[in-house]
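What follows is calculated from the coordinates using simple rules that are stated; it is not laboratory data. Just so it is clear, the model here is predicted, and its values are computed rather than measured. Every residue, glycine as well, gets a Cβ built from its backbone with ideal geometry; the counts of neighbours run over all protein chains shown.
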Amino acid sequence: MHHPLISENHSKLRSKIREFALNEIKPIAQKLDENAEFSVELTKKMGKLGLFGITIPEEYGGKNLDTLSFIIAVEEIARVDSSQAATIAAHNSLGIAPIYNYGTTEQKQRLLPKLTTGNHVWAFGITEPNAGSDAKAIETTAHLKNDQWIVNGQKVFITNSASELSMGVTLLANTSNDINQKEFSAILLEREFANYKAESINNKMIWRAADTGRLVFHNSTAPKENILGERGKGMRIMLETLDSGRLSIAAIGLGLAQGAFDMAREYAQQRKQFGQSLSKFQAISNKLVDMDIKLELARNYLYYSCWLKDNNLPFGKQAAISKLYTSEIAKEIADEAVQIFGAYGLFKDNDIERFYRDQRILRIGEGTSEVLNMVIARHLEI
Ligand SMILES: Cc1cc2nc3c(=O)[nH]c(=O)nc-3n(C[C@H](O)[C@H](O)[C@H](O)COP(=O)(O)OP(=O)(O)OC[C@H]3O[C@@H](n4cnc5c(N)ncnc54)[C@H](O)[C@@H]3O)c2cc1C
């Protein structure tokens with residue numbers, strides 16, 4: 001692929017991840033989805049491949065690569081399976097990144113080397129039963145007592161929070177001492193010590209082989225030093241983290257859309273009706289052309305957004321556009337791909353059926369399309 005932002009190293013990385021995805025993920029993706037099984041073994045293999053801590057320095061066990069490398073890796077995994085891509089995207093951008101970006105040296109030295117081994121993942125919890133898009137409505141509280149944070153409340157739909165690999169969660173909590181005030185802080189809760197309940201939610205339509213958990217805190221604890229960043233600055237930390245997270249959700253959308261296109265293209269060439277390949281009918285080739293145009297635009301814009309981030313330029317608006325656009329085209333491309341497969345696309349032994357379901361989360365997680373419209377409108381100052 002010739003692209004001004006893609007170096008030889010990016011291309012080598014893409015080939016390596018593609019090979020892994022085809023050899024290690026593709027053969028088992030359908031079964032894991034059917035069984036709603038988070039695979040510890042596969043997750044560890046992805047860690048060993050170097051997918052945990054892609055962008056953080058080697059001193060913490062990371063690979064010290066740029067954002068674009070991370071995005072290419074997620075894209076290639078999503079081209080084969082969104083559940084595994086979600087595990088990697090969330091662990092890097094929501095788990096590791098805020099600890100690296102806002103943590104003290106002690107926090108980084110204590111947590112990051114473990115989180116880059118491939119044996120542990122870390123979660124990021126904002127969402128609660130009464131607080132989805134409206135993050136400020138969170139009801140989870142954390143109060144200091146004898147130099148310990150005492151945490152009460154619950155978080156729902158938290159990626160990488162409940163499997164045996166989950167080592168802890170960065171939590172958004174109200175730390176105000178005044179019952180009528182809200183002071184949002186981010187706190188690191190380590191599962192081994194904090195004493196919270198984590199249960200998997202397995203009855204999902206999407207990302208069935210990824211770990212989504214419900215966390216319940218009843219006087220759960222963390223040492224005072226486990227505050228992430230400054231007290232009262234938790235909302236900013238969470239929102240900045242989501243800006244970057246959106247790039248990786250966009251990468252999942254792009255990879256999923258590319259995978260759906262590849263399957264539809266191949267099938268349209270093989271399948272014959274009325275004496276010729278489906279791809280020879282203009283109605284079908286128009287669909288494939290339309291998909292290709294959307295993929296080109298989505299990929300270029302996402303890579304440009306990564307370039308902004310890698311060059312320390314503002315990228316919040318572009319990340320929101322990328323996430324919004326790729327999740328829309330993933331919906332359209334997966335839908336048209338199923339159309340090209342006809343009846344054969346409607347059965348679970350065909351990967352396209354899973355892709356069609358998996359795209360549905362993309363317009364909801366990490367900012368719904370409606371909320372992203374609000375984010376973009378704010379950038380337009382209207
Ligand atoms: C598989 C999965 C994994 C997830 N992982 C995580 C995670 O790791 N960490 C985490 O904290 N959360 C996670 N989430 C939660 C996710 O971020 C929320 O689902 C999302 O923020 C939306 O919140 P909600 O589902 O409560 O919807 P709501 O906020 O209740 O929204 C419902 C509908 O109303 C619309 N709406 C809401 N407010 C407005 C408005 N002001 N104007 C117009 N429309 C509006 C929304 O766009 C949406 O269409 C995950 C969710 C899923 C499904």
Between 0 and 90°, nearest 10: helix 234-270 axis offset from the chain longest Cα axis: 20 degrees
Relative contact order computed over segment 235-379 (Cα-Cα under 8 Å; 6+ residues apart), in percent: 33 percent
Candidates Ala21, Ala131, Ala173: whichever shows maximal mean-square fluctuation once the chain is modelled as a Gaussian network with Cα springs under 10 Å: Ala131
Rounded to 10°, Cα long-axis angle of helix 369-379 versus longest principal axis of the chain: 70 degrees
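Sort segment 1-81 into rounded, prolate or oblate with this rule: let a ≥ b ≥ c be the square roots of the eigenvalues of the Cα gyration tensor; rounded if a/c is under 1.5, and if a/c is not under 1.5, prolate when a/b is larger than b/c, oblate otherwise.
Working: a/c = 2.68, a/b = 1.45, b/c = 1.85.
Cα axes put segment 1-81 in the oblate bin.
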Segment 84-124-segment 167-225 distance, computed between alpha-carbon centres (Å): 15 Å
Met167, Met205 arranged by Cβ crowding within 10 Å, fewest neighbours leading: Met205, Met167
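State the percent of C-alpha pairs, over all pairs in segment 238-367, separated by a distance greater than 22 angstrom. Show your work: numbers first, answer last.
Details: 3349 of 8385 pairs.
The answer is 40 percent, as a whole percent.
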Exposure proxy order (Cβ contacts within 10 Å, fewest to most) of His143, His10: His143, His10
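May I have the convex hull volume per residue, in Å³, for the Cα set of segment 23-168? Walk me through the numbers before you get to the answer.
On the way: hull volume 19.6 nm³, N = 146.
That works out to 134 Å³ per residue.
Over the chain, calculate the relative contact order: mean separation of alpha carbon pairs under 8 Å at least 6 apart, over the residue count, as a percent. If you can, show how the numbers build up before the last one.
On the way: 710 pairs, mean separation 65.4, N = 382.
With pairs under 8 Å counted, the relative contact order is 17 percent.
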Rounded to 10°, Cα long-axis angle of helix 316-341 versus longest principal axis of the chain: 40 degrees
Three principal axis lengths of segment 94-248 [C-alpha, angstrom, descending]: 41, 35, 30
Cα-only Debye scattering, the chain: base-10 log of I(q)/I(0) at q = 0.07, 0.09, 0.12 Å⁻¹: -0.31, -0.51, -0.88
